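Below you'll find the structure, written out as structure tokens, and then a few comments.
The values are calculated or read from the model by the stated rules, or taken from the named source; none is laboratory data. All values derive from a computational prediction rather than experimental measurement. Using ideal geometry, Cβ is built from the backbone for each residue, glycine included, and neighbour counts are taken over all protein chains shown. We work out accessible area using only protein heavy atoms, side chains counted, and drop any ligands, DNA or RNA first. Shrake-Rupley method; radii C 1.70, N 1.55, O 1.52, S 1.80 Å.
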Amino acid sequence: MLGQRDQLQAEQQNLIGQRDQLQAERKDLLGQRDQLQQERAALLGQRDRLKNEIGTFRSQIAQRDQEIADQDQAIAQLDQTISQRDQVIAQRETSLKQLESQQKELENKQAYLQRAVKILEEYYQDYQALRGGNLVLFRNQVLVTGVLRIVEPKAARQAVDQLLVTANKVAIENTRPGDKNFNQQVIQITPTEVAQIVDRIDDGRDYVVRILSAGNYIRGESAVQVFADVTPNRVVFQAGEVVAATATNPATMTQEQLEQRIEQLIAASQFRVRRAGVLVDKIQIGDARVETLMRFIEQLKQSDTPVDVQVVASDVTYTAGPVKMDLVAVQKGQIMFRTSPDS
């Protein structure tokens, strides 16, 4: 794992060198472009002077006609040279843009490698703890969750303190199995953070308050740093709302294919639930029994025409959960059957 980190850091240094080289080349190309532009300006001036001479010579005697023709030819050659210079300048501009794009790409890759090194370092530390078999609390692990509605502002502090007491007990149970002295203070959170939680929840609305572990902790830790996440407990899905849907054709699909399709549908529903802001991942389908789910699939298999399968919220779903859903078989807009017939 350290070898990979060293490799990434070496690659990062190599990319920095490439970036410096590209910047030097870019500076050189800018100088060449400026020089070509100066030459172009000089040639344009020369062309203008020749055109003035042509105008003068044409007013003179016929014997100067040949000289004027020679001057015309010279102007044509100069125009061709200018055109060639313009093409060179355009090519230089394109090269500069490509170099700038490469430089940006290298900078992005460097930033990515820096993040990768940091992640690898954190992963290595976690791996070492896991390898020792002593890691009992993970970073961002939820110790306790509470749904609070504070009508009396004075009650806010008491409610938060009760959550912290419960979180402290959970921390002790994890870091010191068998220790029943729950009066000792293990979790650590600053008074400022506690005051911020109290101020946030004292407006009479419903809030989901979670106390989470701020780091990874091993068995026997004497202190566990925690932090709070406060989220309004709002309605996320109304009862009967379709959360996800898929199409099936039982006449052409095997039992295994139908089961896979339903599994994918439930996974899509879980993703939609998380993205919508629900703080629990687990979805209860019907009465949560495997038999109910398999019976639904058996009923689905008996259809000889295409059937749409929907995941529908069986009750109002809040941020705090729980998440109760039904599988519903729909054909031509009509419900055929569902996991909870009585809902």
Selected residue (only one of R33, R49 is charged (D, E, K, R), modelled with pLDDT of 80 or more and either open to solvent by less than 50 Å² (accessible area, probe 1.4 Å) or closer than 18 Å to V88 by Cβ (or both)) | R33
Determine the pairs where a residue that is polar (S, T, N, Q), located within the range 247-264, has a partner that is open to solvent by 60 Å² or more (accessible area, probe 1.4 Å) and not in a loop (DSSP other than H, G, I, E, B) with Cβ atoms under 7 Å apart, the partner being 6 or more residues away or on another chain.
-> T248/R261; Q255/K301
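Tell me which residues, restricted to the range 271-289, are in contact (Cβ under 8 Å) with a residue 12 or more places away in the chain, assigned to a helix (DSSP H, G or I) and open to solvent by 60 Å² or more (accessible area, probe 1.4 Å). Even if it seems obvious, please write down each step before you answer.
Start the filter on the range 271-289 by keeping residues that are in contact (Cβ under 8 Å) with a residue 12 or more places away in the chain, which leaves 272-273, 276-280, 282-287.
Those left that are additionally assigned to a helix (DSSP H, G or I): 272-273.
Of everything in the range 271-289, just one residue is in contact (Cβ under 8 Å) with a residue 12 or more places away in the chain, assigned to a helix (DSSP H, G or I) and open to solvent by 60 Å² or more (accessible area, probe 1.4 Å), namely R272.
Go through the range 156-205 residue by residue and tally those that are assigned to a helix (DSSP H, G or I) and either open to solvent by 40 Å² or more (accessible area, probe 1.4 Å) or closer than 20 Å to S222 by Cα (or both).
Taking the range 156-205 first, the residues assigned to a helix (DSSP H, G or I) are 156-175, 191-201.
Within this subset, residues satisfying the condition of being either open to solvent by 40 Å² or more (accessible area, probe 1.4 Å) or closer than 20 Å to S222 by Cα (or both) are 157-158, 161-175, 191-193, 195-196, 199-200.
Here the count works out to 24.
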Could you look through the range 295-335, keep only residues that are open to solvent by 80 Å² or more (accessible area, probe 1.4 Å) and part of a strand (DSSP E or B), and pick out the one that is nearest to I211 (Cα to Cα)?
-> Y318
Report, ordered by the first and then the second residue, all pairs with beta carbons closer than 9 Å, sequence separation of six or more or different chains, a first member in the range 196-208 that is under 17 Å from T317 (Cβ atoms), and a second member that is of a type in the set (K, R).
-> D206/R149; D206/R234; Y207/R149; Y207/R200
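Tally time: how many residues in the range 310-339 are over 20 Å from R261 (Cβ atoms) and of a type in the set (S, T, N, Q)? Steps first, please.
Keep residues of the range 310-339 that are over 20 Å from R261 (Cβ atoms), which gives 313-324, 333-334.
Applying the additional criterion that residues be of a type in the set (S, T, N, Q) yields 314, 317, 319, 334.
Here the count works out to 4.
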May I ask you to verify whether T292 is assigned to a strand (DSSP E or B) and either open to solvent by less than 60 Å² (accessible area, probe 1.4 Å) or hydroxyl-bearing (S, T, Y) (or both)?
-> no
Taking R261, is it open to solvent by 50 Å² or more (accessible area, probe 1.4 Å), assigned to a helix (DSSP H, G or I) and modelled with pLDDT of 90 or more?
-> yes
